[in-house]
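The structure under discussion appears below in the form of structure tokens.
The values are calculated or read from the model by the stated rules, or taken from the named source; none is laboratory data. None of these values were measured; they are calculated from a predicted model. No Cβ is skipped: glycine too gets one built from the backbone with ideal geometry, and neighbour counts run over all protein chains shown.
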Amino acid sequence: MKILLLGSGELGKEFVIAAQRIGQTVIAVDSYENAPAMQVAHGFEVINMLDGNALDAVVSKHQPDYIVPEIEAIRTERFYDYEKQGITVVPSAKAANFTMNRKAIRDLAAKELGLKTANYLYATSAEELRKGVEAVGMPCVVKPLMSSSGKGQSTIKTESDIEKAWQYAVEGSRGDVVEVIVEAFVKFNSEITLLTVTQRNGNTLFCAPIGHRQERGDYQESWQPANVSDKDLQEAQNMARKVTEALGGAGLFGVEFFLADDGVYFSELSPRPHDTGMVTLSGTQNFNEFELHLRAVLGLPIAEITLEKAGASAVILASADSQNPTYSGIEKIASLSNVDFRIFGKPTSRPYRRMGVALAKAPLETPVEEVVQTAVSAAQSVTVNP
Ligand SMILES: Nc1ncnc2c1ncn2[C@@H]1O[C@H](COP(=O)(O)OP(=O)(O)OP(=O)(O)O)[C@@H](O)[C@H]1O
Ligand SMILES: [Mg+2]
């Protein structure tokens, strides 16, 4: 099969490697040359994926069987046409299109499906935001409708934060939409990603929950299995099943939840492998999240997903701008037992850019905090040099 991968970061790279292992052909696309997934694909294209015409041109040039989006910032409205042309969009045109904009997916989850979410409203001006804040209450979180990795996101604690939050959200907005969601701050005890696999001819399957910690809008460490009560897990699984069914298609989704005293809140989802799911690269499961995505995409049956180990991942970040980053401490991290790592091969670095990940695993009975500690100190042994 020929797969057109839209977005060529580290998650795409692992997906391509999984696809290569079973003889698929992949063309990797991104806005810059030598992106991680391009380094392992059969071919590549450099375009602005928000440009519908550029997207059309690449699709008609390569005539793929599958279009696999790896990021949100794509002119996903075009996907409905590609589907009509007989190309399988992964997991579905609707899933990719709805999750590109927070409004579509949030209204689907909260209004149409009745899932529990933080109270929220939308605003298209500082004045409307003020009204929204009044309605949902403080503290509250403001996010541009189109953004990811925490860009443009801030928390309002007092009235004087409102104007700043609006400005910050406008600056952090992607695309042509200047609109924000304002949602009540959920005092959660923990947050999880539930990797959910929908199959073309088979049941929806769940991976063991993944816990994670966020900073500056990006995840720092993730671990599997996360400690979740049976009741909360049931609730999360039910919500994940509902929302993925409504979006349709086959593939792996990363469904994000907050676990609070008053129950489980649906937050958002990625219709594709999730960054916190990189923990599965440590060998926690019989198939990692990229292998699961590939199987679901190709319609290959997945008999079961088994949890084999406790695992953790910790990010390796750059601290400076560089056109030619190099790495120290590789021998150190390689010498650690039960530790593995990835260096993504990104051609350039900037402060806080994710350049690699440390992976730790341990027998299932090991307290997961210990495994996280191992991953964190392993990550600290690697330095990205400008
Ligand atoms: N309503 C909320 N209450 C409390 N914390 C929140 C709320 N919304 C977001 N957060 C915190 O901010 C993080 C990022 O939010 P969210 O996932 O909505 O943004 P994002 O930019 O789409 O991130 P990403 O694309 O990296 O998943 C969450 O994982 C959570 O830690
Ligand atoms: Mg998120």
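Computed values, structure above
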{"item": "Any hit, region 277-292, residues being within 17 Å of the chain's Cα centre (by Cα), within 14 Å of ligand 1 (Cβ to nearest atom), surrounded by fewer than 24 Cβ atoms within 10 Å (Cβ to Cβ) and not basic (Lys, Arg)", "result": "no"}
{"item": "Subset of region 87-139 (residues that are more than 16 Å from ligand 1 (Cβ to nearest atom), over 18 Å from Ala169 (Cα atoms) and either among the hydrophobic types (A, V, I, L, M, F, W, C) or modelled with pLDDT under 95 (or both))", "result": "Ile87, Val89, Val90, Ala93, Leu113"}
{"item": "Failed item in (1) over 20 Å from Ser149 (Cβ atoms); (2) in a strand (DSSP E or B), with Thr374 passing the rest", "result": "(2)"}
{"item": "Check on Gly254, assigned to a strand (DSSP E or B), surrounded by 20 or more Cβ atoms within 10 Å (Cβ to Cβ) and within 16 Å of ligand 1 (Cβ to nearest atom)", "result": "yes"}
{"item": "Single residue of Ala28, Ala57 found to be buried (at least 24 other Cβ atoms within 10 Å of the Cβ), out of contact with any Asp or Glu (no Cβ under 7 Å at 6 or more places or on another chain), among the hydrophobic types (A, V, I, L, M, F, W, C) and without any contact (Cβ under 8 Å) to a residue 40 or more places away in the chain", "result": "Ala28"}
{"item": "Residues (of a type outside the set (Val, Ile, Thr) and either in a strand (DSSP E or B) or touching a residue at least 12 places away in the same chain (Cβ under 8 Å) (or both)) located in region 44-54", "result": "Phe44, Glu45, Asn48, Met49, Leu50, Asp51, Gly52"}
{"item": "Scan of region 31-54 for residues that are surrounded by 18 or more Cβ atoms within 10 Å (Cβ to Cβ), farther than 11 Å from Leu6 by Cβ and either of a type outside the set (A, V, I, L, M, F, W, C) or assigned by TED's automatic domain parsing to the domain that holds Thr348 (or both), ordered by number", "result": "Pro36"}
{"item": "Scope region 8-60; condition out of contact with any strand residue (DSSP E or B) (no Cβ under 6 Å at 6 or more places or on another chain), under 24 Å from Ser148 (Cα atoms) and among the small types (Gly, Ala, Ser); matching residues", "result": "Gly9, Ser31, Ala35, Gly52, Ala54"}
{"item": "Some residue of region 334-350 being in contact (Cβ under 8 Å) with a residue 60 or more places away in the chain, out of contact with any Gly (no Cβ under 8 Å at 6 or more places or on another chain) and part of a strand (DSSP E or B)", "result": "no"}
{"item": "Scope region 251-276; condition within 12 Å of ligand 2 (Cβ to nearest atom) and farther than 27 Å from Ala93 by Cβ; matching residues", "result": "Phe258"}
{"item": "Check on Val228, within 12 Å of ligand 1 (Cβ to nearest atom) and within 17 Å of Gln285 (Cβ to Cβ)", "result": "no"}
{"item": "Unique residue being of a type in the set (Val, Ile, Thr), within 16 Å of ligand 2 (Cβ to nearest atom) and within 19 Å of Gln199 (Cβ to Cβ) when the list is Val297, Val243, Val279", "result": "Val243"}
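Residue by residue, here is whether (1) assigned to a loop (DSSP other than H, G, I, E, B); (2) away from ligand 1 (no atom under 16 Å from the Cβ); (3) closer than 30 Å to Met1 by Cβ holds:
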residue	(1), (2), (3)
Asp232	no, yes, no
Glu235	no, yes, no
Ala240	no, no, yes
Arg272	yes, no, yes
